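The values are calculated or read from the model by the stated rules, or taken from the named source; none is laboratory data. Small disclaimer: the values here were computed from a predicted structure and weren't measured. Neighbour counts are summed over all protein chains in view; Cβ atoms, including those assigned to glycine, are modelled from backbone coordinates with ideal geometry. Note: areas computed on protein heavy atoms with side chains; ligands, DNA, RNA excluded. Shrake-Rupley method; radii C 1.70, N 1.55, O 1.52, S 1.80 Å.
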Amino acid sequence: MNAETDETGTRQENTLEHLAALAETGRDEDVKEAVTSLHPADVAELINLLERFEIKSRIFRILAPDVAPSVLSLVSPLARKEIVQDLSVDHLRQILEELDSDDAADLLGSLPKERAQSILAGLPGPLSARIQQLLRYPADTAGGLMQAEYAAVLEGATVEEAVEIVRTLAEAVSNIHNVFVVDHRFHLLGVLPLARLILARAGETVDAVMDRQVVSVTVDTDQEEVAQLFRKYDLLSLPVTDPRGALLGRITVDDVVDVLEEEASEDFAKLSGLGQEEPIFDSPGRTIRRRLPWLGLNLVTTSISASVIGLFQGTIETIAIAAALMTIVAAQGGNAGVQTLTVMVRGLALGQITLVHARGILIKELVVACGNGLALGLAAGISGFLFHRNALLSVVLGLALLINYLVAALVASLIPLTLHRLRADPAVASSVFVTACTDLCGFFAFLGLLSVGLHYFG
């Protein structure tokens, strides 16, 4: 099955690359005929493959009116920005009327304020109101993720009535997974999965067959917590309420997939010292401004580490090879620290690690560091003796490695836990501080032990 899937994916990729080549050479009619058989996601991928924005815009214009809105919601942010700036206000209004309210709000939110207001003014009143409501919520909250379209019935309604409501809403509300049961003030009372609704007897009330233990979120819930709820309860959709429990909208699983990808990319970027996810095709100026502060901080921390080396200049002059061996200690500690840090940040992000687990995790990481340190310290010591025939240097190398592995485990565990306790993002530049600590302690441990050894045994 995996081989078949890979083969299908390869064929699809080759097809899109072929179509991109046709588009680049101006053979729009051939492209137009070919894309009619493609899924909107594949058409979006085709547009992403194109290099010049005028070609992206030209290919988008040849799409069928019922396909274009879905494609625009699926292309990359950069491609969407390039396409949208070339569309008229009337064309954008037509597209927005076909999109779900959450996708429409995302599209409008990416436009300049004046243009967005102009487009909103021409939309039908109810749609304009729904989109404006969604735009009020921060993009990284449940309110920013939710769509205002959903299926709901009043308590006391029969199953037959609920089924008829679902049929009526089928065109206006896409992907109905659950029917929400509300009271006359629209407070959420229960959730009725669509499969259960279809199988229930027509004369039963929805109150008798609905789930009363409802998993829901308020509009200000962080998107990371929303994603954790989807994963924990294996949800397809999640109701969103105001602080008083009144139903406002729903979040569907396709939006959460995007959140998971976004959060993973964001954490990776922060661990790399970028602070936030960096667009691949961002301008050089913005890229420099984003990277420069963290590189500057790294310069400061490495300068501090270099100052430690200066304290032991005499030791290095006595045994010149120490200058090379001390980098092994620092590098190994840094690598071990990043391993622990990656596990910690991922565990905190997924909600698998809490402060309750801190002591147990710290002990486990120290035991692992001790085991790795003893094994690799012994190996490095023996190798050092075989190469350099210096027993003192070999013993110091092994002990320094063990010490730095323990330091790496300690700081890489405590830094993210401390930041989490302070309600700060544990991914932000943690790797810079962990590497700084392991460099500093690695140099100090190796050169300090070597200096003491030379003093007493040299």
Only one of (1) modelled with pLDDT under 90; (2) open to solvent by less than 20 Å² (accessible area, probe 1.4 Å); (3) within 18 Å of residue 453 (Cβ to Cβ) fails for residue 397. Which number is that? (1)
Subset of segment 101-158 (residues that are open to solvent by 20 Å² or more (accessible area, probe 1.4 Å), within 21 Å of residue 246 (Cβ to Cβ) and of a type in the set (Ser, Thr, Tyr)): 137, 150
Pairs where the first residue, in segment 47-76, is under 23 Å from residue 102 (Cα atoms) and the second is modelled with pLDDT under 90 and among the hydroxyl-bearing types (Ser, Thr, Tyr), C-beta under 6 Å, 6+ apart: 48/76
Go through segment 238-262 residue by residue and tally those that are in contact with a helix residue (DSSP H, G or I) (Cβ under 7 Å, 6 or more places away or on another chain) and open to solvent by less than 10 Å² (accessible area, probe 1.4 Å). 5
Restricting the first residue to segment 17-28 and requiring it to be part of a helix (DSSP H, G or I), which pairs with a second residue that is of a type in the set (Lys, Arg) meet a Cβ separation below 7 Å and a spacing of at least six or different chains? 28/58
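I'd like to verify a number: residues in segment 187-210 that are assigned to a loop (DSSP other than H, G, I, E, B) and either at pLDDT below 95 or touching a helix residue (DSSP H, G or I) at 6+ places or on another chain (Cβ under 7 Å) (or both), how many? Full working, then the answer.
Our first condition is that a residue be assigned to a loop (DSSP other than H, G, I, E, B); within segment 187-210, this holds for 200-204, 210.
Narrowing further to those that are either at pLDDT below 95 or touching a helix residue (DSSP H, G or I) at 6+ places or on another chain (Cβ under 7 Å) (or both): 200-204.
The qualifying residues number 5.
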Just one of (1) of a type in the set (D, E, K, R); (2) open to solvent by 40 Å² or more (accessible area, probe 1.4 Å); (3) modelled with pLDDT of 90 or more trips up residue 86, so point out which. (3)
Regarding segment 269-286, can at least one residue be identified that is among the charged types (D, E, K, R), modelled with pLDDT under 90 and more than 19 Å from the chain's Cα centre (by Cα)? yes
Looking across segment 163-219 at residues that are among the acidic types (Asp, Glu) and closer than 28 Å to residue 243 by Cβ, the single one that is most open to solvent (accessible area, probe 1.4 Å) is 211
Per-region count, segment 279-336, residues open to solvent by 70 Å² or more (accessible area, probe 1.4 Å) and acidic (Asp, Glu): 1
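For residues that are without any contact (Cβ under 8 Å) to a residue 40 or more places away in the chain and outside any helix (DSSP H, G or I), scanning just segment 401-428, find the one that is most open to solvent (accessible area, probe 1.4 Å). Don't jump to the end; show me each part of the working.
Filtering segment 401-428 for residues without any contact (Cβ under 8 Å) to a residue 40 or more places away in the chain gives 402, 418-419, 422-424.
Right, trim to outside any helix (DSSP H, G or I) and you get 422-424.
Working: 422: 123, 423: 219, 424: 41 Å².
Going through the qualifying residues, I end up with 423.
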